[in-house]
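Report on the following structure.
The values are calculated or read from the model by the stated rules, or taken from the named source; none is laboratory data. Predicted, not measured: the structure shown is a model, and the values here were computed from it. Reconstructed Cβ throughout: ideal geometry from the backbone, glycine too, with neighbour counts over all protein chains shown. For the accessible areas, the whole protein counts, side chains as well, though only heavy atoms, and no ligand, DNA or RNA atoms are used. Shrake-Rupley method; radii C 1.70, N 1.55, O 1.52, S 1.80 Å.
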Amino acid sequence: VRRTRSVFVLINLIFPGIAFNQVVVEQNKVIESSILERDVYFSALLPGDYNTSEKQYPVVYLLHGFGGNGNSWITRCRINTLVDSLDNCNSIKDFIYIMPDAENSYYINNHDSSYMYEYFFINELIPFVDSIYRTKSAREARAIAGLSMGGFGAVILSIKHPDVFGICI
């Protein structure tokens, strides 16, 4: 049993390092927000051919849960390894994944307007992403998904902004 457990731990430690490594991970990217009056961090996961192609890609916004941050989908969920593996066996299409840091905002504006995260997300983050990456900016090519608090944010943002998001997962 001990040997089996050791092998399992070793495979789990090594596998992310020997994955197909076709996706491009950009962590701790920064957008300067005038709405929030501070810098906001986000991470991006780009298709493996992003730097060698001229294609435009649909975008999936992945929202973290309470206590998480813009790197949580990478550090806790290993989304890069999953997408890389699915891409390698042609089980997934190429997308750009954006993972913004929302602290514990629930991705909404505060009732007293002291923290306007929803406005930042819709009016600054999405246009910024569309300006620095080759995205397909039509609503049909923009999805939003989340985990826990991020799931709440995904539902609220997609309901309030059906002109922005074509898919809520």
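Observations, loosely collected:
- Neighbours by Cβ (under 6 Å, 6+ apart or cross-chain): first from region 21-42, touching a residue at least 60 places away in the same chain (Cβ under 8 Å) and small (Gly, Ala, Ser); second in a strand (DSSP E or B) and surrounded by 14 or more Cβ atoms within 10 Å (Cβ to Cβ): SER33/VAL40
- Any chance ALA102 is open to solvent by less than 20 Å² (accessible area, probe 1.4 Å), of a type outside the set (Val, Ile, Thr) and in a strand (DSSP E or B): no
- Of all residue pairs spaced 6 or more apart or on separate chains, those with beta-carbon atoms under 7 Å, a first member in region 143-169 that is touching a residue at least 24 places away in the same chain (Cβ under 8 Å) and a second member that is open to solvent by 70 Å² or more (accessible area, probe 1.4 Å) and in a strand (DSSP E or B) are ALA143/ILE167.
- Residue in region 55-64 that is free of Cβ contacts under 8 Å to residues at least 12 places away in the same chain and out of contact with any Lys or Arg (no Cβ under 9 Å at 6 or more places or on another chain) present: no
- Candidates ILE92, ILE144, filtered to the one that is outside any helix (DSSP H, G or I), open to solvent by less than 80 Å² (accessible area, probe 1.4 Å), at pLDDT below 95 and of a type in the set (A, V, I, L, M): ILE92
- Residue within region 69-80 that is surrounded by 15 or more Cβ atoms within 10 Å (Cβ to Cβ), small (Gly, Ala, Ser) and in contact with a Ser or Thr (Cβ under 8 Å, 6 or more places away or on another chain) present: yes
- For region 128-141, filtering for residues that are open to solvent by less than 20 Å² (accessible area, probe 1.4 Å) and not in a loop (DSSP other than H, G, I, E, B) leaves 3.
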